[in-house]
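Any read-out appearing in this document is the output of simple, stated calculations on the displayed coordinates, not a laboratory observation. Here the structure is a predicted model, which means the values were calculated and not measured. Don't worry about glycine lacking a Cβ; one is built from the backbone with ideal geometry, like all the others, and counts go over all protein chains shown.
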Amino acid sequence: MPPQANPEARFKQQAGEHAASLVQSGMVVGLGTGSTAIFATRKIAVRLQTGDLQGIVAIATSRATDDTARALGIPMLADDIPREIDITIDGADEVDPAMDLIKGGGGALLREKIVAEASRLEVIVVDEGKLSPRLGTHWPLPVEVLEFGWRSQVRFLESLGAAVTPRPGNGGLFRTDQGNLILDSRFGPINNPLELAGKLEARAGIIGHGLFIGIASDLVVAGNDGIRHLQR
Ligand code: 5RP
């Protein structure tokens with residue numbers, strides 16, 4: 001890939017490619033979703049082609065990433081995640097100073113969390129524009145809900161203080177890889193993400209949410225000052 005002229009895109013490329021250099025031969029690798037993680041996936045494919053990397057297998061966090069990775073010739077594992085994942089490289093929409101995240105801008109939050117929780121290292125790659133003093137400041141929280149009764153989930157989220165927008169998709173509502181809907185829930189700055197996560201997880205019909213608390217092990221941030229690699 002030629003270097004990107006647009007700074008944000010260039011930073012995404014730098015962060016993604018830096019994280020790809022953390023992958024070692026023989027590892028089981030989780031491949032994230034989105035315009036930043038894709039740079040890591042492409043770089044891993046190049047390293048395989050040049051022989052710099054050997055004997056890895058990967059698992060994708062979305063059908064889109066799975067299709068891309070297979071097309072690039074990356075050996076893929078079955079969906080049941082038969083082995084522990086050594087390292088996953090994924091993007092995020094918002095990152096707070098505690099390295100907690102909002103994810104799900106691409107709608108892949110549930111698979112992303114499943115893969116992250118099965119990973120020894122969860123490396124988050126972002127451009128510096130994703131850094132935030134408090135989750136929810138810049139980005140709505142994606143909440144994945146079962147289609148049955150989804151309007152009751154809108155009312156529930158509103159009762160928690162969110163302004164809710166059902167995510168639009170092709171000719172109707174967006175569908176996740178699991179066939180569920182996404183309710184983009186704008187809470188504003190979230191004072192207690194752990195408490196909110198608990199309320200969402202206790203609600204029948206809510207399948208997942210984009211709060212990733214205590215899950216990232218590493219953060220790679222690219223920006224005007226270069227690349228920073230932080231560890232929890
Ligand atoms: C997809 C995600 C992405 O990782 C997140 O939206 C960041 O995407 P991008 O790198 O394109 O900004 O959570 O569900």
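For residue 148 and residue 24 in one chain, what is 0.36 nm times their gap in residues minus the Cα-Cα distance, to one decimal in nm? Contour length minus Cα-Cα distance gives 40.3 nm. Residue-wise HN-Hα couplings along region 224-232, as the Karplus relation 6.51 cos²θ - 1.76 cosθ + 1.60 with θ = phi - 60° gives them from phi, are 4, 8, x, 10, 10, 10, 9, 10, 5 Hz; Gly and Pro carry x.
Select from region 49-101 those trypsin sites (Lys or Arg not before Pro) which occupy a DSSP coil region and have at most 14 other Cβ atoms within 10 Å, ordered by residue number. Answer in residue order: 83.
What you get for region 141-204, charging only the Cβ of Lys and Arg (+1) and of Asp and Glu (-1), is a dipole of about 160 debye around the Cα centre. Listed by chain and number, the aspartates and glutamates placed with their C-alpha closer than 12 angstrom to that of residue 103 are 90, 93, 94, 112, 144, 184; residues fewer than eight positions away on the same chain are left out. Here the dipole of region 38-115 is about 340 debye; that uses its Cα centre as origin and unit charges on the Cβ of Lys and Arg (positive) and Asp and Glu (negative). Around the amide H of residue 76, modelled in the peptide plane, lie the amide H atoms of 58, all under 5 Å away and 5 or more residues distant in sequence or on another chain. Among 192, 180, 170, which one moves the most in a GNM of the chain with springs linking Cα atoms closer than 10 Å? Sorting by GNM fluctuation, first place goes to 170. Simple rule: put +1 on each Lys or Arg Cβ and -1 on each Asp or Glu Cβ in the chain, find the dipole, and look at 102, 191, 174; the Cα lying farthest toward the positive end is 174. Considering helices alone, the calculated mean residue ellipticity of the chain at 222 nm is -8500 deg cm²/dmol, with DSSP H runs of length four and up weighted by -39500 (n - 2.57) and normalised per residue. Taking amide H positions as modeled 1.01 Å from N, with prolines and chain starts lacking one, the residues under 5 Å from residue 122 and 5 or more places away or on another chain are 88, 217, 218.
Only Cα pairs under 8 Å and 6+ residues apart enter the sum, and on that basis the relative contact order of the chain stands at 21 percent. Reported to the nearest whole Å, the Cα centre-to-centre distance from region 150-191 to region 17-46 is 30. Scanning the chain for GluC sites (Glu not before Pro) in DSSP loops with at most 12 neighbouring Cβ atoms within 10 Å leaves 148-232 as the longest stretch between them.
Taking the Cα centre of the chain as origin and assigning +1 to Lys and Arg Cβ atoms and -1 to Asp and Glu Cβ atoms, the resulting dipole is close to 280 debye. Measuring how big the chain is from its alpha-carbon positions, Rg and Dmax come out at 17.4, 55 Å. Ranking 62, 163, 26 by how far each Cα lies toward the positive end of the dipole of the chain (charges on Cβ) leaves 163 at the top.
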